[in-house]
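**Q** Following this message is one structure expressed as structure tokens.
Taken together, the values in this text are just the output of simple stated rules run on the coordinates, not laboratory data. Keep in mind it's a predicted model, so treat the numbers as computed, not measured. Neighbour counts run over all protein chains shown; Cβ positions are idealised from the backbone, glycine included.
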Amino acid sequence: MALKIGFSRKHLLIPYAIFLLLFVVFPLLLVDYYAFTAKTGEFTLDNFIWFFTNASTIKNLLTSLLIGLITTVICLLIGYPVAYILSRIKSSKKTILLLLFIMPMWINFVLRAMAMKELLVLIGIFGKYNFLNTIIGMVYDYLPFMILPLYSVLIKMDRSLEEAACDLGAGRVKVFTSVTLPMSLSGILSGITMVFLPSMTCYVISDTFSNGKVTIIGKLIELWFGQGDNWNYGSAIALIMLVIMLVTTLVTNKFSKNEDTRGTNL
């Protein structure tokens, strides 16, 4: 008699559960352990006290936040008009134009950074304005991550609402600020999340474009885990960054939910 083995869809979750435990939960627990312990293994909060009382680390954190903020604002100012125009083009060229913005994402970002670095060298500004060069590198690498979510939202937008607003006498500016912009808020928030958080920690770009002169928080983590040989300090900084990312994500999600609720009530 053949042995009948019970099988359900829940069993398909087992590989994913194992993967999450090994590569997500366990590393996070390991970071928590090192962050709240000293090198001797004793529980301590000195790692966090050191971070918030050290002028150098606070400067690095503020620099990271500033770079992330400026990069996000510039990407939004450039990306929104690009996504808006692409979503309004009706010809077959729209696919080609969109592909031109997506294709850089298929190339390793380090290679793209090196290519832009050589361009800045040819222009003659590389090595003179380290902070500006870092911003240029961040914008160049993360601009597609702002354009794509904006385009995805704008292309699905109900144009009849804009037409109705025009029929009621609203001008183009009024239609954009009252209809188009609010309806595309979810794309804006997604783009902000996809640009702001990575640009705060991507030290490869900051090192490449500033010759190591601009230190962001991601570089600080790498230094303590590597050259500093202090996993406790590195884990504490990583945990602080994780909290900042979590708070940023929760805030953007809250705005997105509020907008969805308001749209449903209209």
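**Q** Local charge sum around ILE216 (other residues, Cβ-Cβ under 11 Å, Lys/Arg +1, Asp/Glu -1)?
**A** 0
**Q** What is the spin-label model distance, in nm, from SER152 to PHE23 if the labels are put 7 Å beyond Cα along the C-beta direction?
**A** The two pseudo-label positions are separated by 2.1 nm.
**Q** Under a 5 Å amide H to amide H cut-off, with H placed in plane at 1.01 Å, what residues pair with THR37 once short-range neighbours are removed?
**A** For THR37, the qualifying residues are THR44.
**Q** A further question on this structure: Running a GNM on the chain with Cα contacts under 10 Å, which residue among CYS166, CYS202, CYS75 ends up with the highest mean-square fluctuation?
**A** In the Gaussian network model the winner is CYS166.
**Q** At a threshold of 8 angstrom on Cα-Cα distance, excluding pairs fewer than six apart, so keeping six or more, what relative contact order does the chain reach in percent? Mind showing how you got there, number by number?
**A** Values: 260 pairs, mean separation 73.4, N = 266.
28 percent.
**Q** List, in the order given, every pair from LYS93/LYS117; LYS90/LYS117; LYS39/LYS59; LYS128/LYS219; LYS117/LYS156 whose Cα-Cα distance in the structure shown is over 27 Å.
**A** On the way: LYS93/LYS117 30 Å; LYS90/LYS117 36 Å; LYS39/LYS59 25 Å; LYS128/LYS219 21 Å; LYS117/LYS156 37 Å.
With Cα atoms farther than 27 Å apart: LYS93/LYS117; LYS90/LYS117; LYS117/LYS156.
**Q** Extension gain LEU122-ARG159, at 0.36 nm per residue separation less the Cα-Cα distance, in nm? Present the calculation step by step, with values, prior to reporting the outcome.
**A** Working: separation 37, 0.36 × 37 = 13.32 nm, distance 4.47 nm.
The span from LEU122 to ARG159 would gain 8.9 nm if fully extended.
**Q** Under the rule of -39500 (n - 2.57) per DSSP H run of 4 or more residues, summed and divided by the residues of the chain, what mean residue ellipticity at 222 nm is obtained, to the nearest 500 deg cm²/dmol?
**A** On the way: 13 runs with 193 residues, N = 266.
Helices in the chain give a 222 nm mean residue ellipticity of -23500 deg cm²/dmol.
**Q** Gaussian network model of the chain, Cα springs within a sub-10 Å range: biggest mean-square fluctuation belongs to which of PRO149, PRO15, PRO104?
**A** PRO15
**Q** Still on this structure: Compare LEU98, LEU132, LEU45 in a GNM of the chain, Cα atoms joined below 10 Å, and give the one with the largest fluctuation.
**A** Looking only at LEU98, LEU132, LEU45, the biggest GNM fluctuation is shown by LEU45.
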